[in-house]
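To start, the structure itself, in structure tokens.
The values are calculated or read from the model by the stated rules, or taken from the named source; none is laboratory data. The structure displayed is predicted, hence computed values, not measured ones. Cβ sites come from the backbone with ideal geometry, for glycine too, and all protein chains shown count toward neighbours.
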Amino acid sequence: MLIQLMGVAPLLVCKNVTFPRKPLQIYWLVCRGVTGSFSVICAYFAVQHIGVGDALAIFFSNPVFTVFFAWMFLREKLSPIDLLLAVFTVSGVVLIVQPSFIFGGNNTHEKHSRIKGAAVALVGAVFAALVYICLKKLKTGIHLLIPIFYYALCGIIISSVSLSILQAFIVPQCRKDRIILFLIGAFAVVGQLFFTKAVQLEKAAYIAIIRSLDVVFSFIFEYFAFGRIPNLKVVAGTMLILSSAVCVAVKKMLAKSNKSQ
């Protein structure tokens with residue numbers, strides 16, 4: 001988060017970006033920062049307990065949650081198809097986690113670890129869905145760097161408070177670890193910039209479909225980095241979740257095209 005803030009702050013100064021002063025805009029910016037920060041924290045925690053690909057697959061169930069939150073907070077319609085896609089998403093999560101009370105298994109500790117990681121990944125998906133609601137509430141007229149700045153600032157505050165309470169702050173002694181942490185922050189800045197710009201240039205439905213490729217890339221990178229190959233149940237669960245996410249995006253796209261006609 002600190003690296004992201006250091007990357008965004010100079011851009012704000014160079015572009016002479018004006019910060020919003022309206023209380024309601026600041027409120028939704030802070031909400032976007034808080035929900036985004038908790039979403040990332042959950043994602044990192046989940047990766048430590050289940051694979052990168054598994055965690056991202058569950059994490060990308062957030063479009064389904066977005067539909068329900070849009071119904072609750074934005075008064076958008078909820079159709080039977082949305083409920084069916086939610087069932088598909090839950091089924092996909094079950095296939096990825098493979099709980100012992102359904103699939104059996106002797107390694108109880110590993111199963112508990114996977115369930116804990118999957119549960120946190122689901123919570124992260126919920127927070128990610130809330131991010132979209134906050135951005136929707138912000139509407140237009142705010143520079144793309146402003147939400148990223150608030151996201152990084154809130155992340156620093158939340159991470160600092162959490163580490164202080166847990167007394168878990170450790171300065172990496174290994175040079176390799178410091179380089180990896182720096183690259184995580186640098187890639188996060190670039191990713192946030194491209195994602196925010198994409199939202200401004202293209203329809204959200206198209207972006208959601210393309211972003212689902214993150215899961216595919218994560219499985220590929222995980223294979224080359226750690227030699228981990230997902231089993232058929234994980235692949236089936238991932239396909240269910242991604243299919244649900246893509247269906248949500250296509251459904252929104254078709255609904256907008258029907259309104260424009």
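When Ser260 is tested against (1) modelled with pLDDT of 80 or more; (2) more than 17 Å from Tyr132 (Cβ to Cβ), only condition (1) is not met.
Before we move on, is Phe101 more than 16 Å from the chain's Cα centre (by Cα), in a helix (DSSP H, G or I), surrounded by fewer than 22 Cβ atoms within 10 Å (Cβ to Cβ) and at pLDDT below 80? Spelling it out, Phe101 is indeed more than 16 Å from the chain's Cα centre (by Cα), in a helix (DSSP H, G or I), surrounded by fewer than 22 Cβ atoms within 10 Å (Cβ to Cβ) and at pLDDT below 80. Could you tell me whether segment 144-151 includes any residue that is surrounded by fewer than 12 Cβ atoms within 10 Å (Cβ to Cβ), among the hydrophobic types (A, V, I, L, M, F, W, C) and more than 13 Å from Gly36 (Cα to Cα)? So far as segment 144-151 goes, no, none of its residues is surrounded by fewer than 12 Cβ atoms within 10 Å (Cβ to Cβ), among the hydrophobic types (A, V, I, L, M, F, W, C) and more than 13 Å from Gly36 (Cα to Cα). Would you check if Ala43 is in a helix (DSSP H, G or I), out of contact with any His (no Cβ under 9 Å at 6 or more places or on another chain) and within 30 Å of Gly227 (Cβ to Cβ)? Considered against the rule, which asks whether it is in a helix (DSSP H, G or I), out of contact with any His (no Cβ under 9 Å at 6 or more places or on another chain) and within 30 Å of Gly227 (Cβ to Cβ), Ala43 comes out as yes. Contact map, segment 234-248: first residue in contact (Cβ under 8 Å) with a residue 40 or more places away in the chain and farther than 16 Å from Leu122 by Cβ, second residue of a type in the set (Asp, Glu) and surrounded by fewer than 23 Cβ atoms within 10 Å (Cβ to Cβ), Cβ cut-off under 9 Å, separation 6 or more or different chains; pairs are Val248/Asp82. Exactly one residue out of Ala255, Ala249 is at pLDDT below 85, part of a helix (DSSP H, G or I) and within 18 Å of the chain's Cα centre (by Cα): that is Ala249.
Sub-6 Å Cβ pairs linking a first residue in segment 55-82 that is under 23 Å from Ile115 (Cβ atoms) to a second residue that is polar (S, T, N, Q) and at pLDDT 80 or above, at least 6 apart or interchain, are Leu56/Ser218; Ala57/Thr238; Ser61/Thr89; Val64/Thr89; Val64/Ser244, ordered by first then second residue. If the condition is being part of a helix (DSSP H, G or I), in contact with a helix residue (DSSP H, G or I) (Cβ under 7 Å, 6 or more places away or on another chain) and either more than 20 Å from Leu29 (Cα to Cα) or among the aromatic types (Phe, Trp, Tyr) (or both), then segment 140-183 contributes Phe149, Tyr150, Tyr151, Phe182. If I ask for residues that are modelled with pLDDT of 80 or more and closer than 20 Å to Leu83 by Cβ, which ones from segment 209-245 would you list? Of everything in segment 209-245, those that are modelled with pLDDT of 80 or more and closer than 20 Å to Leu83 by Cβ turn out to be Gly237, Met239, Leu240, Ile241, Leu242, Ser243, Ser244.
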